[in-house]
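Let me begin by presenting the structure, written as structure tokens, before commenting on it.
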Amino acid sequence: TQLLEQSPQFLSIQEGENLTVYCNSSSVFSSLQWYRQEPGEGPVLLVTVVTGGEVKKLKRLTFQFGDARKDSSLHITAAQPGDTGLYLCGATNKLIFGTGTLLAVQP
Amino acid sequence: DTAVSQTPKYLVTQMGNDKSIKCEQNLGHDTMYWYKQDSKKFLKIMFSYNNKELIINETVPNRFSPKSPDKAHLNLHINSLELGDSAVYFCASSYPGTGASYGYTFGSGTRLTVV
């Protein structure tokens with residue numbers, strides 16, 4: 001069974017701090033996606049990473065795909081309260097999602 | 001225009017009842033999905049469906065059945081509801097095959113509460 005383990009599970013930080021969320025697996029994936037889910041809504045796609053070692057940036061968010069394509073990370077610089085939400089990694093071509101990271105950014 | 005829409009948003013029903021959740025997408029995607037999100041926020045695939053193939057997660061009870069009148073719609077019918085069916089159910093869609101590698105568009109979810 002392919003699994004995507006995310007860490008940390010919960011993260012509460014102050015506005016302006018930096019943070020990194022990890023998504024790890026023992027399996028190799030052709031691509032991974034990152035989503036953000038806000039309360040009462042469905043997950044919204046942020047990015048897809050495809051190439052091993054790839055780095056993508058979305059404003060203050062930086063996504064990296066591991067060289068071996070088994071893991072990925074999401075780094076947020078100078079977190080804002082609007083970044084609060086549940087962050088999910090996913091390998092949608094394998095129909096699986098990670099265990100989730102619940103981020104709370106305090107003003 | 002809403003890309004993937006689910007109805008109802010909330011559903012409260014008694015044990016033993018039969019209910020349906022509707023899903024429609026206007027993105028022209030060929031593949032649609034139903035996911036269940038439990039109280040720990042874990043998303044688990046229930047069904048994947050396109051014109052050619054229905055993939056069923058073997059752990060899903062046969063009380064759950066997808067029904068697709070056309071490629072823009074994938075409804076979820078649940079028979080004999082149980083307390084443990086309480087969860088948030090998400091519909092999603094994508095392009096088929098390798099297109100799914102580029103991610104899904106999700107609906108806003110249906111919170112089902114069985115009492």
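Which of the numbered conditions does residue A:25 fail, given that it passes all the others? Conditions: (1) farther than 21 Å from residue B:40 by Cβ; (2) more than 14 Å from chain B (Cβ to nearest Cβ); (3) surrounded by 13 or more Cβ atoms within 10 Å (Cβ to Cβ).
All conditions pass for residue A:25, except number (1).
A quick yes/no check of all residues on (1) outside any strand (DSSP E or B); (2) in contact (Cβ under 8 Å) with a residue 12 or more places away in the chain:
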residue: A:12; (1), (2): no, yes
residue: A:16; (1), (2): yes, yes
residue: A:28; (1), (2): yes, yes
residue: A:33; (1), (2): no, yes
residue: A:42; (1), (2): yes, no
residue: A:68; (1), (2): yes, yes
residue: A:72; (1), (2): no, yes
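The rows are residues; the columns are (1) on the phi > 0 side of the Ramachandran plot; (2) in contact with a helix residue (DSSP H, G or I) (Cβ under 6 Å, 6 or more places away or on another chain); (3) of a type outside the set (Lys, Arg); (4) surrounded by 15 or more Cβ atoms within 10 Å (Cβ to Cβ).
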{"residue": "A:37", "(1), (2), (3), (4)": "no, no, yes, yes"}
{"residue": "A:40", "(1), (2), (3), (4)": "yes, no, yes, no"}
{"residue": "A:45", "(1), (2), (3), (4)": "no, no, yes, yes"}
{"residue": "A:70", "(1), (2), (3), (4)": "no, no, no, yes"}
{"residue": "A:84", "(1), (2), (3), (4)": "no, no, yes, yes"}
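Hey, residue B:43 hits all of (1) more than 22 Å from residue A:44 (Cβ to Cβ); (2) crowded, with 17+ Cβ neighbours inside 10 Å but one; which does it fall short on?
Going through (1) more than 22 Å from residue A:44 (Cβ to Cβ); (2) crowded, with 17+ Cβ neighbours inside 10 Å one by one, residue B:43 breaks only (1).
Between A:6, A:106, which is touching a residue at least 60 places away in the same chain (Cβ under 8 Å), away from chain B (no Cβ under 12 Å) and either under 25 Å from residue B:91 (Cα atoms) or touching a Pro at 6+ places or on another chain (Cβ under 9 Å) (or both)? Lay out the reasoning, then the answer.
Values: A:6 fails: away from chain B (no Cβ under 12 Å).
Unique residue meeting the criteria: A:106.
I'd like to verify a number: residues in the stretch B:67-108 that are surrounded by fewer than 21 Cβ atoms within 10 Å (Cβ to Cβ), within 14 Å of chain A (Cβ to nearest Cβ) and over 18 Å from residue A:39 (Cα atoms), how many?
Looking only at that region, the number is 7.
So if I check each of B:111, B:63, which one is within 11 Å of chain A (Cβ to nearest Cβ) and at pLDDT 95 or above?
Values: B:63 fails: within 11 Å of chain A (Cβ to nearest Cβ).
Of the residues listed, the single one that is within 11 Å of chain A (Cβ to nearest Cβ) and at pLDDT 95 or above is B:111.
Would you check which residues across the stretch B:66-93 are of a type in the set (Ser, Thr, Tyr), under 12 Å from the mean Cα position of the chain (by Cα) and within 19 Å of residue B:9 (Cα to Cα) and list them? Give the derivation first.
Going through the stretch B:66-93, the residues of a type in the set (Ser, Thr, Tyr) turn out to be B:68, B:80, B:86, B:89, B:93.
With the extra rule that they be under 12 Å from the mean Cα position of the chain (by Cα), the set shrinks to B:68, B:89, B:93.
The answer is B:89, B:93.
In the list A:46, A:95, A:88, which residue meets the criterion of being at pLDDT below 95 and within 11 Å of another protein chain (Cβ to nearest Cβ)?
Working: A:46 fails: at pLDDT below 95; A:88 fails: at pLDDT below 95.
So the residue among A:46, A:95, A:88 that is at pLDDT below 95 and within 11 Å of another protein chain (Cβ to nearest Cβ) is A:95.
Restricting to the stretch B:17-49, count the residues that are within 22 Å of residue B:95 (Cα to Cα), within 13 Å of chain A (Cβ to nearest Cβ) and not in a strand (DSSP E or B).
So the answer is 2.
Residue by residue, here is whether (1) at pLDDT 95 or above; (2) surrounded by 14 or more Cβ atoms within 10 Å (Cβ to Cβ) holds:
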| position | (1), (2) |
| --- | --- |
| B:19 | yes, yes |
| B:22 | yes, yes |
| B:28 | no, no |
| B:31 | no, yes |
| B:34 | yes, yes |
| B:39 | no, no |
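The values are calculated or read from the model by the stated rules, or taken from the named source; none is laboratory data. Note that this is a predicted model, so its numbers are computed, not measured. So basically every Cβ, Gly included, is an ideal-geometry build from the backbone, and we count neighbours across all protein chains shown.
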